[in-house]
Structure formats: C-alpha cells, structure tokens
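Have a look at the structure below before the remarks.
The values are calculated or read from the model by the stated rules, or taken from the named source; none is laboratory data. What you see is a predicted model, and the numbers here were worked out from it, not measured in a lab. Backbone-built Cβ (ideal geometry, glycine too); neighbour counts: all protein chains shown.
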Amino acid sequence: MAAIGSDSNVSAFTGQIARATRYVRSPSTRMAAFGGLLTYVSYACAHGSWANPTLMAVSVFIGLFLPTYSKLSNKAELWANNRFGFVTAGRFGRFLPQLAFNLAVFWTCLWGGAFNQAGIASVGGFAGAALLTTLASQGTQYLGGYCVARGIGDANRNTLVGLLANIILAALGTAGIPGAREAFLVLGFVLGALFFGVGLLSDIRSVFAPKGGIGILLGTFNPFHNSHLALLRQAMEDRKLDKIIIHPTLIPKLHADAFRKGEIRVGRLEGGFQIYEKTDKADSNVDYFPTGRIFLPPETRKVLIDLAVAEAGLGNQVEVIFLRETYSTRGFQGVIGEIKKQNPGTRLHMLHGTDFGGMLVRSISDECGWIYPWRILRRDKISATAIRAGAKGMTPPVVTDVLGQISANLPVVTAGGRRFRNDNGVLTEGV
C-alpha cells in the first residue's frame, strides 16, 4: 500500500529533477562552468599554479556562482536606478558588488599562494588587480548591453560573455607578462572610462537640459495609466515642450527573439490579455519577463493611449504614432531615427521612468545622439502589474471602461465616441 502523501512526494521529487535538468541544460549554466574552467586554466597557466588547491576551489565556486551573480548584478543596477534615477548611480550599483567580489577572490588566491606576487604587485597589488578587472569587466558588460538593445543576446548571457572575455586578459596581466600587463591596464581604464563616462554625460544632459522642443515617450503602456498622464503634464511644464510624441512597443525584442526560438509562447488569453509562458526550450537562467508576462495586444495599447490622451484634453499637445515596420526591423532606435528625420534641427527630450523598461529606453536614446533625458522617479503606488491583476482606480476612466468591455468579451467596444471590433482583445476601429 502506498504511503499517504507519497504521490505528492514523488511529484515534488520529479519537479526538482526537471528543474535540475533544465538548469544543467541551460546555455548560461554551461557557459558559467566553462568560465570556472577558463579561470583555472588561465590563472594556472599564467601564474604557474596548476596544483594550487585555493585556485581550484575558487574556480569551482566561480563556475557555480556566475549565473546567480549575473542575475544579482542586474538586480543591483535596477535597484539603484529606481532609487536615484541616474545612469551613474545604476552603474555604481552594478560596479560595487563586483568590485567587492573581485577583492575577495584576488585576496583569497594571493593568500593561498595561487598568484605570482611580483606580477600582482606590478598592477597595484590585489586591490589594483581587482579594480582593473572590475573596470574592464563592467566595460565589456556595457558593450554587451549595447548589443542587447539591438536584439543581440540577452542581459544575463551577455553579462557572462563580458566576464569570460575579461578572465584571460586579467590572468595574463596580473602575472606581469610583458604586453599583457600593459594591455590589461589600458583596457581596464579605457573600458572603465567608457562605462562611467557615457553614463555621466547622460546625467549631465538630464540635469542641465535647455527648455523647448519635442518630448518622446516610449514604452509598453501595458496598460496606459494615471501616472503616464501625470508624467506627460509634468514634462510639458518642466521642459516647456511644444509637444510630446508617444510610441508603444509592439512585441519587445526580448520576447520576439524568444518566440522565434520557441523559448516562450502565448499560454492563454485572459480578459483580453495575452499570458506568456516559458517552454521546455527556455533557458532557466534567463529572465524572459523583466516587465511581466501579461500583455495587451499592441493595437489595443495604442487605442487606449489615444482615448486617454483625448479624454484628458491633451490631444493638441500629444501625438501617438505607430511605426510598425520601423519598430519591427530596427526597434526604438529606428523609431527615434524617424522622429529625428521628421523634425530636423528640433531639440529632443526623452521622457522615461526608472524601472527596467524606462532605463532601457534611456540607454537606447543615449546611443541615438544628443537627446536630453527627462526622468521621473516613481514614488506613487500606481502599478501596471497591479492593474493587470485587477486593481481599480489606477487608470483614466476611459481606459477602465474599455478594459471592462474587453474583459466582458463584448464583440463591439465603444468609447470616446468611437467603435471598435474586439477580436480576443485586439481592437480594430471601423465597425
């Protein structure tokens, strides 16, 4: 006779086995394991420490810890961004934990006799080696983030690639090998200056921005809520803008790539929202849903913005655009390029929040030329996540009305004197 609860125990055990299998199959896990091996081989070869047990132990730890470190690093940057709203603060949020980690690793290896003491001394001791390694690593991670914004890789994997690329040069440089030492010093300072310099210039532009021009507001708007309206009004007043152009995302590039690879799918429809879920092909170390996994169709999000802006009496000051082909092929970089082309010589201001999506937009705009950032520190309790979960009172009346009609699965939705056909949450005007 089976013991009481044995089925649930077997099910729990099976679930743990499945999770462990996905973790082992994860490209990020394999890359991290390779990083631990590369750490051992690089430093053992450069410093002549093949039999050193401290180096072996540190390398194993790095191989196991790297995927977790990548996630923690991204979270630390996100926390600092949300707290302060400056790029430099976010980058220090990413930099300081890695510096502390590298200080501990270099001190441990030096204490355990794994390093050539003359080589370490030539780059400023274990503290100098840790600082240079961290600067170079952060610079390569910044370049990895630059690629993410263009649909190449994802935040966690690109972080790992940056770390791995830095391991070999750091090993050779800290061993004092001629040429490698100089390259290690130069790369550390150059990439560190790039990493912090670009962010500092962006922050200076945001603080000392001139008045007048056009504001740009990009995001998911999933859905458009009261804080978005407050942001529009405050930006118009603070920067004395002539108008603001809004463009919602279609499918974020992270999701588009994951859909293409079969790593995520639309699991179900609920109240007009599409519920995304991971498949068996998903990488267990990748956060596929940094802005949530519940989405209104892009056509519907645009309709809600149009209706809310009109209801608020901002129709003459706010323009909602929808460049489907441009966004699909070139993302927000292409959208910004089109706005520049249509408004030559006009001063542009990028409006953004300080959450993951907001700071990603800020990063994209910084790479698209001399655009003045305008960030808003969100301190209210309004949350798109809460709205999607059913919270009330956070959206403009017309948005609340339309979401209610969609949730009731009405075939025709009416709002603001307009009529829309409702196809599973996709609103099309002209019925």
Checked pairs for the range 349-372, first closer than 17 Å to residue 331 by Cα, second aromatic (Phe, Trp, Tyr) and in a helix (DSSP H, G or I), C-beta under 9 Å and 6 or more apart or across chains, list as 360/332; 361/332; 363/146; 364/332; 365/332; 367/146; 368/332
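Inside the range 20-138, counting only helices (runs of 4 or more DSSP H) that do not spill past its ends, which hold 2 or more residues that are of a type in the set (Lys, Arg)? Steps first, please.
Working: elements: 27-47, 53-84, 87-111, 117-121.
Here the list reads 53-84, 87-111.
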Contact list, first residue from the range 238-258 and farther than 12 Å from residue 216 by Cα and modelled with pLDDT of 95 or more, second anywhere and surrounded by fewer than 19 Cβ atoms within 10 Å (Cβ to Cβ) and not basic (Lys, Arg), beta-carbon distance below 6 Å, six or more apart or interchain, is 240/212
Given the conditions (1) surrounded by 17 or more Cβ atoms within 10 Å (Cβ to Cβ); (2) assigned by TED's automatic domain parsing to the domain that holds residue 121, every one holds for residue 239 apart from (2)
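From 362, 378, grab the single residue that is closer than 30 Å to residue 152 by Cβ, among the charged types (D, E, K, R) and not in a helix (DSSP H, G or I).
Working: 362 fails: not in a helix (DSSP H, G or I).
Going through 362, 378 in turn, just one is closer than 30 Å to residue 152 by Cβ, among the charged types (D, E, K, R) and not in a helix (DSSP H, G or I): 378.
Taking the condition of being touching a His at 6+ places or on another chain (Cβ under 6 Å) and not hydrophobic (A, V, I, L, M, F, W, C), how many residues in the range 315-361 meet it? Steps first, answer last, please.
So in the range 315-361, the residues touching a His at 6+ places or on another chain (Cβ under 6 Å) come out as 321, 335, 358, 361.
Those left that are additionally not hydrophobic (A, V, I, L, M, F, W, C): 358.
The number of residues fulfilling the criteria is 1.
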